[in-house]
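First comes the structure, then the notes that go with it.
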Amino acid sequence: MKRLLSAFMQIQILNNLDAIPATQWNALVQDDNPFLRHEFLAALEHHGCVGEAFGWLPHHIAVYEQGSLVAAMPLYEKYNNYGEFVFDHAWAEAYKQHGMRYYPKLLSAIPYSPVSGQRVLTQAGREEELFPLLLSAAMQLAEAMQASSFHCLFPPASQLDWLAQQGLTIRHDCQFHWHNQGYQTFDDFLAALQPKKRKNIRQERRKVVDAGITLRQLDGNTATDADWERFAFFYQLTFENKWGIPTMNYGFFREMARALGEQVLLVMADNREGECIAGSLMFRSRTRLYGRHWGCTEYFDSLHFEACYYQGIEYCIRHSLQVFEPGAQGEHKIPRGFLPTLTRSAHWLREDKFRQAIERHAAYEKNSVADYMRSVNKHSPYRPE
């Protein structure tokens, strides 16, 4: 634990989230965002999902006033760009070619999760006072540890705009999100689509039914240990099949589920014989649903779309959630009702010599993303109003 000095407040850099009481941390979380809750981030630490093995070393910033937490920032020392979903391979290569170290860097993000949400946590109404304190603490820490840079991924628009005003470089990208237009039923959603898209979705859902697949929607309270053990196997299998690194494990899933309860949505798929052959994991805040992981042991036509998208859309409609973020990338989501949505991130580099080149690159990216979104929107699955 390190301490930074402030005239009126105590600032601590913590490598263990358990050093902060969960109630104090969670009091700063808006919309009950599950990925920002103490229980989720601490469970990652408890079960080795972050740490030296994966190049995600916690350095969370905590700001105290008279012994009470008034501001915080989830922060990690990084030695790779694995699990970030905002790619900076070219930046690291440029540093290497100039004989400089790009790693370590500092990153404010949710590990392995390209989800939107606060990155600068403060008591309500004190943003103007406390935002600069947190950003200054992150930059001071970068200087002290000779980190190349500080990165803030997928913050909300208000925080992103503030970071831009502080001179950070802004990068643009695109995800595909579903927006609830006040639908009362899944059929209401289908009625908003073009006839061909509507027919396609109905056919895909019918294929799953005809295959004899039964889907179970569970939460952190109703899913059993056996369900989580099975899902952990699906998760690991998915990464092994894609030559990836499975960073999460059964212990994490089980602890997280017990702690978050109804904020967890686990969809499990059983075949005709009653064997569980696939599953998808989602999380919810007060207003949003977030799709995260999927895995299976048998392939069935359209089961992925059913478990990961249509079950989530039905859940959003039933619980009046406004937005469904199913994860990064994937143009296959467009004909299924997901539209291009701008995502942004903020970046600060300690070395001046690279800033102009990176700003030019960010400007090029911004124009490219805007062109791409305009092109994709021409193929919207929705009927013209």
Single match in R344, R292, R336 (criterion: in contact with a His (Cβ under 7 Å, 6 or more places away or on another chain) and open to solvent by 10 Å² or more (accessible area, probe 1.4 Å)): R344
Check on A232, at pLDDT 95 or above and in a loop (DSSP other than H, G, I, E, B): no
Whichever residue in the stretch 1-36 is small (G, A, S) and in a loop (DSSP other than H, G, I, E, B) and, among such residues, is modelled with the highest pLDDT: A27
S158 being hydroxyl-bearing (S, T, Y) and open to solvent by 10 Å² or more (accessible area, probe 1.4 Å): yes
Qualifying positions in the stretch 244-299 - free of Cβ contacts under 8 Å to residues at least 60 places away in the same chain, in a helix (DSSP H, G or I) and aromatic (F, W, Y): Y250, F253
Any chance E314 is of a type in the set (D, E) and open to solvent by less than 20 Å² (accessible area, probe 1.4 Å): no
Count of the stretch 59-79 residues which are surrounded by 13 or more Cβ atoms within 10 Å (Cβ to Cβ) and not in a strand (DSSP E or B): 4
Scan of the stretch 186-220 for residues that are within 27 Å of the chain's Cα centre (by Cα) and in a loop (DSSP other than H, G, I, E, B), ordered by number: D219, G220
Failed item, numbered, when G274 is tested on (1) among the small types (G, A, S); (2) more than 18 Å from F300 (Cα to Cα); (3) at pLDDT 95 or above; (4) surrounded by fewer than 16 Cβ atoms within 10 Å (Cβ to Cβ): (2)
Every residue from the stretch 80-130 that is touching a Ser or Thr at 6+ places or on another chain (Cβ under 7 Å) and part of a helix (DSSP H, G or I): Y95, L130
Single residue of G83, G117, G125 found to be without any contact (Cβ under 8 Å) to a residue 24 or more places away in the chain, under 22 Å from N33 (Cα atoms) and of a type in the set (G, A, S): G125
Extreme residue, nearest to G291 (Cα to Cα), among residues of the stretch 107-121 that are among the hydroxyl-bearing types (S, T, Y) and open to solvent by less than 10 Å² (accessible area, probe 1.4 Å): S113
Qualifying residue in the stretch 221-232 (condition: in contact with a Cys (Cβ under 8 Å, 6 or more places away or on another chain), surrounded by fewer than 21 Cβ atoms within 10 Å (Cβ to Cβ) and not charged (D, E, K, R)): no
Extreme residue, nearest to E39 (Cα to Cα), among residues of the stretch 193-204 that are open to solvent by less than 70 Å² (accessible area, probe 1.4 Å) and out of contact with any Ser or Thr (no Cβ under 7 Å at 6 or more places or on another chain): I201
Count of the stretch 319-341 residues which are part of a helix (DSSP H, G or I) and in contact with a helix residue (DSSP H, G or I) (Cβ under 9 Å, 6 or more places away or on another chain): 6
Inter-residue pairs, beta-carbon under 8 Å, first more than 25 Å from Q329 (Cβ to Cβ) and open to solvent by 30 Å² or more (accessible area, probe 1.4 Å) and in the stretch 161-184, second acidic (D, E) and part of a strand (DSSP E or B), 6+ apart: none
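The values are calculated or read from the model by the stated rules, or taken from the named source; none is laboratory data. Bear in mind the structure is a predicted one, so any value in this text is a computation, not a measurement. Note that we place each Cβ from the backbone using ideal geometry, even for glycine, and neighbour counts take in every protein chain shown. We work out accessible area using only protein heavy atoms, side chains counted, and drop any ligands, DNA or RNA first. Shrake-Rupley method; radii C 1.70, N 1.55, O 1.52, S 1.80 Å.
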